[in-house]
1. If we keep just the residues of region 166-183 that are closer than 25 Å to Ala103 by Cα and touching a residue at least 40 places away in the same chain (Cβ under 8 Å), which is surrounded by the fewest Cβ atoms within 10 Å (Cβ to Cβ)?
2. Filtering region 22-49 down to residues that are modelled with pLDDT under 95 and among the aliphatic types (A, V, I, L, M), which residue is nearest to the chain's Cα centre (by Cα)?
3. I'm trying to understand the selection: among the residues of region 6-34, which are β-branched (Val, Ile, Thr) and over 22 Å from Arg86 (Cα atoms)?
4. Just checking: which of the strands (runs of 3 or more DSSP E) contained wholly in region 50-142 hold 3 or more residues that are surrounded by fewer than 17 Cβ atoms within 10 Å (Cβ to Cβ) and either modelled with pLDDT of 95 or more or β-branched (Val, Ile, Thr) (or both)?
5. If you check Leu136 against the conditions, is it touching a helix residue (DSSP H, G or I) at 6+ places or on another chain (Cβ under 9 Å) and in contact (Cβ under 8 Å) with a residue 12 or more places away in the chain?
6. Go through (1) under 17 Å from Ser171 (Cα atoms); (2) touching a strand residue (DSSP E or B) at 6+ places or on another chain (Cβ under 7 Å) and name the single condition Asp36 misses.
7. State all residues of region 1-19 that are crowded, with 19+ Cβ neighbours inside 10 Å and over 26 Å from Lys57 (Cβ atoms); if no residue qualifies, say none.
Amino acid sequence: MRLFIGLDVPWQIRRNLELLLKHLQTKAEIAWSPLDNLHVTTKFVGEWPEDRIEQLKQALTLVPRPGALNIAIRGIGWFPNPHQPRVLYAGIQGPPALATLSADTESACESLGIAAERRDYRPHLTLARVRNPKPLFELKRAIAELPDDSFGAFESMEFHLYKTELRPQGSLYTKLASYPLIP
């Protein structure tokens with residue numbers, strides 16, 4: 001099964017982003033993310049044997065609890081860069097404890113043999129993927145003309161282990177376990 005660890009994005013934030021996406025989706029034919037799939041990933045696990053899921057769940061119970069995390073969704077950008085974009089994202093502004101949570105979930109997973117991420121942790125919400133090079137002038141102009149790039153803030157009280165099911169109509173995410181952030 002395909003797994004990742006992350007934080008939920010509350011419906012109020014998803015509603016704000018829905019307004020943004022309705023405005024932007026007409027500007028480019030790219031693979032837009034379903035709003036229900038928006039989450040803040042702390043660790044991508046990848047393929048994991050179903051018969052070892054309890055082992056992973058147990059390891060995650062040992063992740064230190066940093067307390068509630070205040071997170072703001074602000075800014076729009078491109079990975080790896082605006083000249084060769086592969087991902088359109090909304091930025092995440094969080095406390096240092098968010099990066100610590102990511103490092104701690106990374107360590108818990110690494111103890112089970114899950115490969116460590118080589119890139120620095122850059123929290124974001126994936127809004128769309130650019131699968132093939134396409135002209136994105138209209139989309140980039142619409143983003144530059146936005147009156148505001150702040151989409152709200154929330155307090156996260158728990159993190160989750162999710163399963164991903166890849167389907168032709170888009171990925172389906174299911175929570176397998178939840179872990180409080182408050183000690």
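The values are calculated or read from the model by the stated rules, or taken from the named source; none is laboratory data. This is a predicted model, so every value here is computed, not measured. Heads up, the Cβs are rebuilt from the backbone with ideal geometry, glycines too, and the neighbour counts pull from every protein chain shown.
1. The initial filter retains those residues of region 166-183 that are closer than 25 Å to Ala103 by Cα, namely 173-183.
Add one more test, that the residue is touching a residue at least 40 places away in the same chain (Cβ under 8 Å), and what stays is 173, 176-177, 179-183.
Numbers: Tyr173: 16, Leu176: 14, Ala177: 16, Tyr179: 17, Pro180: 11, Leu181: 20, Ile182: 9, Pro183: 7.
That would be Pro183.
2. Leu38
3. Hits for region 6-34 are Val9, Ile13.
4. Working: elements: 69-79, 87-93, 124-129.
Qualifying strands (runs of 3 or more DSSP E): 69-79.
5. Working: touching a helix residue (DSSP H, G or I) at 6+ places or on another chain (Cβ under 9 Å): yes; in contact (Cβ under 8 Å) with a residue 12 or more places away in the chain: yes.
So Leu136 fits the description; yes.
6. (2)
7. Ile13, Arg14, Leu17
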